[in-house]
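What follows is one structure encoded as structure tokens, with my remarks underneath.
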Amino acid sequence: MKIVVAGTGYVGLVTGVCLAKVGHNVVCIDINEEKIYKMKNGISPIYEPGLEEIMVEMHEKGNLNFTTDYKNSYKNADVIFIGVGTPEKADGSANLEYIYKVVDQIIESAEKSCLVVIKSTVPIGTNKEIELYINEKIAEKGIKIEVASNPEFLAQGTAVNDTLHAKRIVVGVESEDAKNILREIYEPFNIPIVITNRESAEMIKYASNDFLALKISFMNEIANLCEIIGANIEDVAKGMSYDDRIGKKFLKAGVGYGGSCFPKDTKALHWLAENNGHELKTIKATIEVNENQKYKLLKKSRRKFKSFKNLNVAFLGLTFKPGTDDLREAPSIPNMRVLLDEGANIKAYDPVGVENFKKIFKGEKNLKYVQTPEEALEDADVAFVFTEWKQITGVELKKYKELMKKAIIFDGRNCYKLEEAISANVEYHSIGRNTIFME
Ligand code: UDX
């Protein structure tokens, strides 16, 4: 079976590499020549643990190739996976421009019937719409292209494992043929396959992501209340987690969710519902809570510092979570903006996010990047923790005490135990827990 994957971002490349890993013959396509050049030379264009090694291994084995030549690749493809981005538009709806670009290239190039599989997250109804669009345009070619939905559930930082050992594979199809092709492709993974119609498959993706986002916003709201009434969110989460119906995961309070999925998928589903005359009250609240939560640390710190002007700030963590170099919707970005606009002197540390961050904050003379968290802490008046990288959580609070002018810490990811803050004698503000003051 000749499999082609369009897009070599987090979804496309991981899909291509993992399909090759289980023995399929895969060609990955991207319009970006530089990315293709990199991949041919053994460099993954994205930072994703374990990905580059398998990519190189499969390329050398001959299972995996890379090209910008979409014409020849789509010409005789049996199955074309689409894994390009669907970013959000200004109104919150999903932007399908990149999907349609690929679709138009398929229309232009396909010379035989094939199955198009949409992995990108798309609004409910899109698969059907695309199938109609394609077949209208290729009517005179005498071929038929069917479209199937196969949403992706991988998380960044664990993408390879999440794909090779997924909990389930969701497939939305309208024919036996499409069902059988996808069954054959996924058989070597040995993972349960949920087969539905296309609309349900599309909805499963949004409902799953939005439910997880809701869980986080719920915990953040409870955490905010815990601060007022003197409860401890970590203990509360632990106590809740023993109930199987609640589960242990996604109960961590913090400075809100970021990334390429939750922010955009909550807004897209909310928009879609509104567009259909229906209000999703829980999703609306999820989005609102997250918007506020992003600024939680700065709000807290304003009680302490009247202004950030000339304040030496240790800014620890830039990416939206550890294990990725992705900065999309990272809470660090709007907070950095505020601090810089108010004239703070910032030393920022992140183990992998700096290069991407530099593209967003160009020419800021008050923003310096340092190689270690300790360097950022030296002579700082205040430290903000935005990402729980091991390199950051591994620095003991007594080090903050040693290095900072005055150890005042605002931890947005609850990286430290309150007992540690007490014994290090630092001022420690976290999320959903009592503040520890110096003696
Ligand atoms: C998410 C989903 O997990 C994945 O299934 C989907 O396909 C894409 O979106 P990802 O965005 O890579 O994956 O990261 P995830 O680990 O889910 O974290 C998302 C955000 O939520 C991060 O900013 C993280 O810090 C935050 N988060 C997560 C919390 O604040 N608390 C938690 O308990 C869990």
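Structural remarks
- Helix-derived mean residue ellipticity, 222 nm - over the chain, DSSP H n ≥ 4, -39500 (n - 2.57), to 500: -13000 deg cm²/dmol
- The stretch between residue 399 and residue 241 holds 53.6 nm of extra length on full extension. This uses 0.36 nm per residue minus the Cα-Cα distance.
- Among the listed pairs 35/365; 300/406; 238/267, a Cα-Cα separation exceeding 28 Å is found for 35/365; 238/267.
- When the Cα gyration tensor is reduced to axis lengths a ≥ b ≥ c, the ratio a/c is 1.5 or higher for the stretch 204-293, and with a/b above b/c it is classed as prolate.
- A simple spin-label model places the labels of residue 305 and residue 292 2.4 nm from each other, with each point 7 Å out along Cα-to-Cβ.
- Prolate/oblate/rounded label for the stretch 3-196 (Cα gyration tensor, a/c 1.5): rounded
- Shape category assigned to the chain from the gyration tensor of Cα positions, a/c cut at 1.5: prolate
- Pairs of Cα atoms nearer than 8 Å and 6+ residues apart set the relative contact order; for the stretch 3-196 it is 20 percent.
- The charge dipole of the stretch 296-429, taken about its Cα centre with unit charges on the Cβ atoms of Lys, Arg (+1), Asp and Glu (-1) only, comes to about 560 debye.
- Relative contact order (%) - criterion: Cα under 8 Å, at least six apart; region: the chain: 12
- Label-point separation, residue 228 to residue 113 (7 Å along Cα→Cβ), nm: 6.2
- The residue among 236, 260, 223 whose Cα reaches farthest toward the positive pole of the charge dipole of the stretch 204-293, with charges on the beta-carbon of Lys, Arg, Asp and Glu, is 260.
- Residue 194-residue 278 pseudo-label distance in nm [points 7 Å out on the Cα-to-Cβ vector]: 1.7
- Highest-MSF residue in the chain out of 211, 384, 361 [GNM, Cα springs under 10 Å]: 361
- Values of log10 I(q)/I(0) for the stretch 33-138 across q = 0.19 Å⁻¹ run -1.10, by the Debye formula with one identical scatterer at each alpha carbon and no solvent.
- Cα-only Debye scattering, the stretch 100-159: base-10 log of I(q)/I(0) at q = 0.12 Å⁻¹: -0.33
- The stretch 241-352 - Debye-derived log10 I(q)/I(0), Cα point model, q = 0.11, 0.12, 0.22 Å⁻¹: -0.48, -0.56, -1.23
- Cα-Cα separations in the stretch 296-429 greater than 26 Å, expressed as whole percent: 13
- Residues 387, 393, sorted by accessible area with the largest first, give 393, 387 [1.4 Å probe; ligands and nucleic acids excluded].
- Charge dipole (the chain, unit charges on Cβ, about Cα centre) - positive-most of 25, 13, 74: 13
- Farthest toward the positive end of the dipole of the chain, out of 251, 107, 63, is the Cα of 251, where the dipole comes from beta carbon charges about the Cα centre.
- Compared with the direct C-alpha span, the chain from residue 180 to residue 285 gains 33.7 nm at full extension, assuming 0.36 nm per residue.
- Of 309/368; 215/281; 38/101; 321/398, those spanning more than 20 Å from alpha-carbon to alpha-carbon: 38/101; 321/398
- Using Cβ point charges alone (K and R +1, D and E -1), the dipole size of the chain about the Cα centre works out to roughly 980 debye.
- Heavy-atom surface of the stretch 269-331, accessible at 1.4 Å and reported per residue (Å²): 50
- Segment residue 132-residue 78, length gained on full extension (0.36 nm per residue, minus Cα span): 17.6 nm
- Overall, the stretch 206-301 carries a charge dipole of about 260 debye about its Cα centre when +1 sits on the Cβ of Lys and Arg and -1 on the Cβ of Asp and Glu, all other atoms neutral.
- Residues of type aspartates and glutamates that residue 417 reaches as a straight line, Cα spacing below 20 Å, ignoring anything fewer than 8 places off in the same chain: 227, 234, 235, 374, 388, 396, 402, 427, 439
The values are calculated or read from the model by the stated rules, or taken from the named source; none is laboratory data. Keep in mind the model is a prediction, meaning the values are calculated, not measured. Neighbour counts run over all protein chains shown; Cβ positions are idealised from the backbone, glycine included. Each accessible area value is taken on the protein alone, full model and side chains, heavy atoms only, with ligands, DNA and RNA left out. Shrake-Rupley method; radii C 1.70, N 1.55, O 1.52, S 1.80 Å.
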